[in-house]
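Values quoted throughout were computed directly from the atomic coordinates according to the rules given, and no laboratory measurement underlies them. Treat the numbers as computed from the prediction; the structure is a model and nothing was measured. Here the Cβ is made from the backbone with ideal geometry for all residues, glycine too, and neighbour counts use every protein chain on show.
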Amino acid sequence: MNHTASQNLFQRAQKIIPGGVNSPVRAFKAVGGNPIFIKSAKGAYLYDVDGNQYLDFINSWGPMILGHSCEMIQDAIKEALPHSFSYGAPTEREIEMAELIISMVPSIEKVRLVNSGTEATMSAIRVARGYTGRDKIIKFEGCYHGHGDSFLISAGSGAITLGVPDSPGVTKGVAQDTLTAPYNNLAAVENIVNANEGQIAAIIVEPVAGNMGLVTPAPGFLEGLRELCTRSGIILIFDEVMTGFRLAKGGAQELYGITPDMTTLGKIIGGGLPVGAYGGKKEIMDVVAPAGPVYQAGTLSGNPIAMAAGVIMLKFLSKHDEVYNYLHNISDKLVTGMRDNMQTLGMNFTINQVGSMFSLFFTRQEVKDFESAKTSNLDLFGRYFNSMLNRGIYLAPSQFESLFLSTVITDELADQYLEANLASLRELKNYL
Ligand SMILES: *Cc1c(COP(=O)(O)O)cnc(C)c1O
């Protein structure tokens, strides 16, 4: 595969953009090689600037759940365009968007729209602090909640991939208010809560962790957090930026039947345009300005073009439960096929899956938290990634990310993926 044009663009980009990319997860640092520059995408395929075609298993890290350049969303954007692109004044679409979110996500009674997942989580903890009058929060090692200062402590996603889970630039003052516990370890959380009685404003958690590779919540973990928070007057925040509208139309909270006090959303909610949201119980959300004293604002929040895309996406998902059945079935097929491939080759690496999110870890250990995720052989992952890329399969360029399926992955394309998987795993046998 020829990547000359991508390499040239990367040279140019590196001179003027830090690391040549506008988000660290796009770099190929962890897998060797240079990032592929994309020219366009349609359906299940990405096309790069050298004219190569790839089957896409990242889907913009989740948002493109219906595949790329979906006609329905294109039409909604086209319809909105002639009415101008931003007013800085309220519109009916924002209400429609809020009504859709509230109808779909069980925990949300009132919602505020923002422009990214990062804004949603930053705002949610400010609200939790304002509401409870407490300063500290608990997060889990290897969970990622965007790049807000309070969350860059044992952070997942690109922060793990690049070896900076605790970012320089976060002040000691901020860092000391973020307490961390291992994922799936309820006893550790209870100890922290007991040692900081009356001081914890919120526990924020990815109900299914997708930013240290895919890690599923152990039975009782989410229930335990719910009980602990209720007992101790702590706001339970589910960060469903990744899982919202993906694992079910109401996200992980619908799938597991646990209702948090607040929820943060992003990714799918904008249909590929920049939208985030945070919401929860009315009495909590009513502390947000101008209803209450906790300040949060945004010049472009509720942007009309982004709303047009988001409303049509959510309307579609709210009416089509079969989307989730389809995604879960095709993902099951992929995971079962990968397990069969490994058996054929006498390999037994760990695969974690929930619905249309899954990760293949190059370890034989069960992966249930950040420590066990780190037992993965990253050299093998890098080789596997590049081997798949050369076979036209575009995966996340890091072990510590989940893959995201879209509805345009057909049975036939799933077979293509599995063939590439078998060939790539076979290549790895030389390095075991
Ligand atoms: C992606 C992600 C975020 C951050 O969202 P951005 O839109 O990238 O700012 C926050 N939380 C989780 C769980 C995410 O996966």
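Under 5 Å between amide hydrogens, built in the peptide plane, is the criterion, and for Ser154 it picks out Asp166 among residues at least 5 positions away or on other chains. Counting Lys and Arg as +1 and Asp and Glu as -1 over every other residue whose Cβ lies under 12 Å from the Cβ of Gly163, the net charge comes to +1. Assuming charge only on the beta carbon of Lys and Arg (+1) and of Asp and Glu (-1), the dipole of the range 71-319 about its Cα centre is about 80 debye to the nearest 20. A dipole drawn for the chain from +1 and -1 charges on Cβ atoms has a positive end, and of Asn377, Cys143, Ala44 the residue lying farthest that way is Asn377. Given axes a ≥ b ≥ c from the Cα gyration tensor, I'd like to know whether the range 135-182 is rounded (a/c under 1.5), prolate (a/b larger than b/c) or oblate. Oblate, because a/c is 1.5 or more while a/b does not exceed b/c. Across the range 209-351, Cα-Cα pairs more than 22 Å apart make up 54 percent of the total. Ranked by the mean number of other Cβ atoms within 10 Å per residue, highest first, peptides 395-407, 72-84, 276-288 order as 395-407, 276-288, 72-84. Annotation: aspartates and glutamates with alpha-carbon distance below 20 angstrom to Lys29 (same-chain offsets under eight excluded): Asp48, Asp56, Asp166, Asp379, Glu401. Of all lysines in the structure, those lying under 30 Å Cα to Cα from Lys136, and not within fewer than 8 positions of it along the same chain, are Lys110, Lys172, Lys267, Lys281, Lys282, Lys368, Lys374.
Model label sites at Ser167 and Asn430, defined 7 Å from Cα along the beta-carbon direction, differ in position by 3.9 nm. From its DSSP helices (H runs of at least four residues, each -39,500 (n - 2.57)), the chain gives a residue-normalised ellipticity at 222 nm of -11500 deg cm²/dmol.
Projecting the Cα atoms of Met72, Phe349, Asn185 onto the charge dipole of the chain, computed from C-beta unit charges around the Cα centre, puts Phe349 farthest toward the positive end. Take every DSSP beta bridge whose two residues both sit in the range 71-319; close to 40 percent of them are antiparallel.
Close amide H contacts of Lys110 (hydrogens built in the peptide plane, cut-off under 5 Å, sequence separation of 5 or more or a different chain): Gly280, Lys282.
Here the chain is assigned +1 on the Cβ of each Lys and Arg and -1 on the Cβ of each Asp and Glu. Its dipole about the Cα centre then comes out at about 800 debye. Taking amide H as placed 1.01 Å from N in the peptide plane, His68 has its amide H under 5 Å from the amide H of Gly43, Ala44, Tyr45, each at least 5 places away in sequence or on another chain.
When each of Leu334, Leu422, Leu432 is scored by the number of other beta-carbon atoms lying within 10 Å, the sequence from fewest to most is Leu432, Leu422, Leu334.
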